[in-house]
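Below is one structure, written out as C-alpha cells, with a few remarks after it.
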Amino acid sequence: MATESRRSEEAAQEKVPRLSGTLIDELQDLCDENVFGCYQCGTCAAGCPFIDEMDLTPDEVLRHVIMDRKEVLRSKTIWLCASCFTCAERCPRDLNITKIMEALRQIVLRSNIDETDMTGLTEEEKRSIPQLAFVCLFRKNVG
Ligand code: SF4
Ligand code: SF4
C-alpha cells in the first residue's frame, strides 16, 4: 500500500513541469504582475465563484508562487479558474490574479502536459455535453 501511494506520488511529481528558473522568472516572461504585492488578505478567495471546487484558494496560489512551490502547477485551481476577473477587480493591491492563473496554465502547457483527458467520459456524456463546452475546454487546456 505504501509502495503504491509512493508510486502515485512519483507519477504526480513527474507531471510537474521542470523549470529552469523560479516560478517568478517564468511568470515574469508571461505577465507583468508583481506577486510580492500580495498581502494575503483573501479578498480574491472571498469573491471567487468556484472556490468550493478548488484545492487551493487564489490567495494560496499566490502564496505558492511567492514561495516558489512548483507543486502549484499541479493544482486543480488554475484549471478551474473561469477567468471571470472578479478577483482582479476586487484585489486591493491591483493584482490581476486572472492573468496570473492564465500564465500558470501556460507554463504547464508549454511543458507539453495536456490537462484534457476525455478517455473517462461515457458515450452518453460525450453526446450530452454541449459542443461549446468541448471547444472551451480544448482552447484552455491543450497546448
Ligand atoms: S485580493 Fe490581492 S492582495 Fe488580497 S490575497 Fe488576493 S491577490 Fe493578495
Ligand atoms: S478569475 Fe478565476 S480565480 Fe478569479 S474569481 Fe474568477 S474564477 Fe476565481
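Put +1 on the Cβ of each Lys and Arg and -1 on the Cβ of each Asp and Glu in the range 2-112; which of S111, V61, I97 then has its Cα farthest toward the positive end of the dipole?
Positive-most Cα among the choices belongs to S111.
Which order, highest average first, do 71-84, 94-107 follow once you tally other Cβ atoms within 10 Å for each residue and take the mean per peptide?
On the way: 71-84: 17.1, 94-107: 20.1.
Per-residue Cβ counts within 10 Å, averaged per peptide and sorted highest first, yield 94-107, 71-84.
Using C-alpha positions alone, give me the convex hull volume of the range 75-133 per residue in cubic angstrom. Walk me through the intermediate numbers first.
Details: hull volume 6.4 nm³, N = 59.
So the per-residue Cα hull volume is 108 Å³.
Given axes a ≥ b ≥ c from the Cα gyration tensor, I'd like to know whether the range 2-112 is rounded (a/c under 1.5), prolate (a/b larger than b/c) or oblate. Don't jump to the answer; show the numbers that get you there.
Working: a/c = 2.03, a/b = 1.47, b/c = 1.38.
Because a/c hits 1.5 or more and a/b exceeds b/c, the range 2-112 counts as prolate.
Every number in this text was worked out from the coordinates using simple rules, so none of it is lab data. As the structure is a prediction and not an experimental result, all values here were calculated from the model. Every residue, glycine among them, receives a Cβ derived from its backbone with ideal geometry; neighbour counts consider all protein chains shown.
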